[in-house]
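No lab work stands behind these numbers, since they all come straight from the coordinates. As the structure is a prediction and not an experimental result, all values here were calculated from the model. Backbone-built Cβ (ideal geometry, glycine too); neighbour counts: all protein chains shown.
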DNA sequence: ACATTTGTTAACCAAATGGTTAAACCGAAT
DNA sequence: ATTCGGTTTAACCATTTGGTTAACAAATGT
């Protein structure tokens, strides 16, 4: 029972830390708040994770490692390019809608502590763009799509999918939309984005 | 001389605060650090701005008020839709490249303190989308572009322009690119993005 | 010249915060 | 029953941090 209890506590800590860190960032989060949310004592928090920094890195690392595989799952598949784009939009928007803090969290902390990047580069599996890149070049050669640098297409794909979610408070404010209307707008994008991209590159 | 000295001090404070707040956010910034950067005493900082919150709001408000006019300047002009899109891409990417922290700063703090949104709504001039919206609908009716919701086109336009800059640390990491290569990629986007959009919507 | 207001500083303070310590608790092996 | 390991807690500590105070300096008005 000790074993499962330990597991349990560790889980409670990680979940609490994830919630707090991802919504308030490293600087805005308090160890006490994390302890409270996990239903434990602050000292116990330090028993499991020596310092705030260590706990934070555990959460961050975990968050980051969600991104790459999710990207790969689609980019590195055997689908036809157009279906890949469609699948990506549909799946990734759903995924990010479930973890809306994730991209912002990662971007902020990557920015806050650039040294962290090196650590990630060593350890983490990265998305494999080779297949995607080759596929695009192939489509260009065959005259199926107009010439475009694969990196640019990738940037477009990600930007169109993520930014409306990452920047939702800004967009809601600028467009003067309420939550429900904005949500509907995002929902529409699950198909809208793919068609937008395909229209742009496909040669009819 | 007292007057200009005051102006001078106030300016030094605002510039310092802007630099610190925009790169570290509200929580990550220290009043002492701002005072140091402004070359003054911490007490003097509080003499000019009663509290951290007040100083922060001054900086934030100022930052935010840069965004809307910049948007309007282009969206609300009399240009042909396609030229408008081209102009937007070229100008806005330049603008944001000069203030790369801005969007992220605004988004984060909007998220951190949603109550702030209300204050902004009252005071600030907002981008005027009417002209842009009408123009798009007009182009659709005339059969010059395929049907698209103006809000979606707006989201696309902003996302394609901003996100590669906002998310640069993430993209550099994912694509495994160094600063120079990435900068070149962004530079290319000043024309690339507009063509991408126009290809997508224009009916030939 | 003198008083008054405005700008500036050094020293100080209370609260918050990350982290530590020493003791208590608890299940399992002896 | 007792010891022993890991787990958990309450109380504590040192430092950081936003903010204040009181005194000094520099303008400004009369």
Counting only helical runs of four or more DSSP H residues, what would the 222 nm mean residue ellipticity of the protein assembly as shown come to if each run contributes -39,500 (n - 2.57) and the total is spread over all its residues?
-26500 deg cm²/dmol
Going by the alpha-carbon gyration tensor, a ≥ b ≥ c the square roots of its eigenvalues, is segment A:37-93 rounded (a/c under 1.5) or, if a/c is not under 1.5, prolate (a/b greater than b/c) versus oblate?
prolate
Output field shielding_mean for B:122-128 (other chain Cβ, 10 Å radius) holds 1
To the nearest 10 degrees, how steep is helix B:52-75 against the longest Cα principal axis of chain B, on a 0 to 90 scale?
20 degrees
Mind checking which of A:161, A:113, A:72 has the largest fluctuation in a GNM of chain A, springs on alpha carbons under 10 Å?
A:113
What does the average come to when, for each residue of peptide B:27-37, you count the partner chain Cβ atoms lying within 10 Å of its Cβ?
1
Express the relative contact order of segment A:1-49 as a whole percentage, based on alpha carbon pairs under 8 Å and six or more residues apart in sequence.
36 percent
For segment B:61-201, what relative contact order do you get, as a whole percent, if you take Cα pairs closer than 8 Å and at least 6 residues apart?
37 percent
Which whole-angstrom value gives the distance between the alpha carbon centres of segment A:175-202 and segment B:91-162?
14 Å
Cα gyration tensor shape for segment A:63-201, rounded if a/c is under 1.5, else prolate or oblate:
oblate
With each pseudo-label sitting 7 Å past Cα toward Cβ, what's the residue A:44-residue B:30 distance in nm, one decimal?
3.3 nm
Can you list the distances in nanometres, one decimal and ascending, from the residue B:118 label point to the identical position in each other copy, with the point 7 Å along Cα to Cβ?
4.8
Going by a ≥ b ≥ c, the root eigenvalues of the Cα gyration tensor, does the protein assembly as shown fall in the rounded group (a/c under 1.5), the prolate group (a/b larger than b/c) or the oblate group?
oblate
Using Cβ contacts closer than 10 Å as the measure, can you line up B:61, B:200 from fewest to most?
B:61, B:200
Distance between modelled label sites at residue A:187 and residue B:124, nm, 7 Å Cα→Cβ extension
2.8 nm
How well do other chains shield peptide A:99-106, expressed as the mean number of their Cβ atoms within 10 Å of each residue Cβ?
2
GNM on chain B, C-alpha springs below 10 Å: top fluctuator among B:107, B:74, B:20?
B:107
Sort shortest first the distances from residue A:43 to its counterpart in every other copy, using label points 7 Å along the Cα-to-beta-carbon line, and give them in nm.
4.1
Other copies of residue B:10: label-to-label distances in nm, shortest first, labels 7 Å along the beta-carbon direction
5.8
